[in-house]
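FYI, it's all coordinate maths here, none of it is from the lab. Since the model is a prediction, treat every value here as computed from it, not as a measurement. Cβ sites come from the backbone with ideal geometry, for glycine too, and all protein chains shown count toward neighbours.
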């Protein structure tokens, strides 16, 4: 079975500061990993994904994440936070042929002016 | 990615009634899914909607409570039957095209009084 743990249900950073949202996964097979963002009163939008190949993946809105197999991690980062980044962020895992996505509990990101 | 719409976007219903939620995609997709997001929670997969056959339900979800139809490759419905306040949630459909990435609709916000 696969699982995802997001450390920190709430993260607060100042505008312009580094954003780091943590995601650790458990999987007995090579994982496919995703970050989604949910703005208030909206559905989920795909930020970025890792399936195979380069372990550092870049997504929309300046976000990136690095797949580290040895640490079973897929942390999301952004060098400089913007007020518009305030949202709920979800990490999810699946694997090739599985279809089913397993989500973490989510991290609410707050940006302080 | 596909453009996904859901109807209704929100609704307030009385307990004991049923609500049917529609999910429409602007192109044919191989996989369609239905998720529930309870207040302040992450997403939980309800079922995979199979075209021309019965949906595949996850543990804890049954067809009598959440009947699902998928008459073609661009449309699916989820019915929430005999509703109670515990059914108040956001219901989201997602689609996947032959591969690993799921794209989500905007969600339907349901409140049951």
Antiparallel DSSP beta bridges within chain B, percent to nearest 5: 90 percent
With contacts defined as alpha carbon pairs under 8 Å and 6 or more residues apart, what's the relative contact order of chain A in percent? 38 percent
How much of the DSSP beta bridge set in the protein assembly as shown is antiparallel, as a percent to the nearest 5? 90 percent
Taking the alpha-carbon centroid of each part, what is the distance from segment A:67-105 to segment B:53-113 in angstrom? 23 Å
If you build a Gaussian network model of chain A, linking Cα atoms that sit under 10 Å apart, which residue out of A:92, A:54, A:17 swings the most? A:54
Work out Dmax and Rg for segment B:43-104 from the C-alpha atoms and quote the Rg first, both in angstrom. 12.1, 36
Across 5 Å bins from the origin, how do the percents of Cα pairs in chain A run, short distances first? 2, 13, 24, 26, 19, 10, 4, 1, 0
Taking Cα pairs under 8 Å and at least six residues apart, what relative contact order does chain B come out at, in percent? 36 percent
Please list the radius of gyration and Dmax for the protein assembly as shown, considering alpha-carbon atoms only, with Å as the unit. 17.7, 52
Taking each residue of B:85-92 in turn, how many C-beta atoms of other protein chains fall within 10 Å of its C-beta, and what is the average? 1
Alpha-carbon centroids, segment A:1-46 and segment B:1-47: separation in whole Å: 22 Å
If you restrict to DSSP beta bridges whose two residues both lie in chain A, what percentage is antiparallel, to the nearest 5? 90 percent
